[in-house]
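Asker: I'd like to ask some things about the structure below.
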Amino acid sequence: MTSKPFLAIVFAGLMLSACSARYQTPVAVGGDDDDAVCQSRGYAQGSPEYVVCRKDRDVQRNAATARADRRQRDLGEYMLNHPERP
């Protein structure tokens, strides 16, 4: 009888862990390491060009996240407004 609560806890943990990946960086930005990308472009760490490069990558990442959120919201609204179409 002790296996049922254990299985319920494991199942609940699996369901909650699926939510943890929601706010990952969109792939459209390209490259995971901003420092490596900016240095590969020839900008020395701490230089004004390096700072601009890092800021540009932050802006791109935030814009991609906003676009993904907007598409998800628009899809949800469409589904609510058009229940006859799957």
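The values are calculated or read from the model by the stated rules, or taken from the named source; none is laboratory data. Keep in mind it's a predicted model, so treat the numbers as computed, not measured. As a convention, Cβ positions derive from the backbone with ideal geometry for all residues, glycine included, and neighbour counts pool all protein chains shown. Quick note on the areas: whole protein, heavy atoms, side chains included, nothing else; ligands and nucleic acids left out. Shrake-Rupley method; radii C 1.70, N 1.55, O 1.52, S 1.80 Å.
Asker: At 7 Å along Cα-to-Cβ for each site, give me the label-to-label distance between ASP35 and SER47 in nm.
Answerer: Placing both labels 7 Å beyond Cα along the Cβ direction yields 1.8 nm.
Asker: If I model a spin label as a point 7 Å beyond the Cα along the Cα-Cβ vector, how far apart are those points for ARG61 and PHE11 in nm?
Answerer: The modelled label-to-label distance comes out at 3.8 nm.
Asker: Tell me the per residue accessible area of the range 41-86 using a 1.4 Å probe; a whole number in Å² is fine.
Answerer: Numbers: 3800 Å² over 46 residues.
With all protein chains present, the range 41-86 gives 83 Å² per residue.
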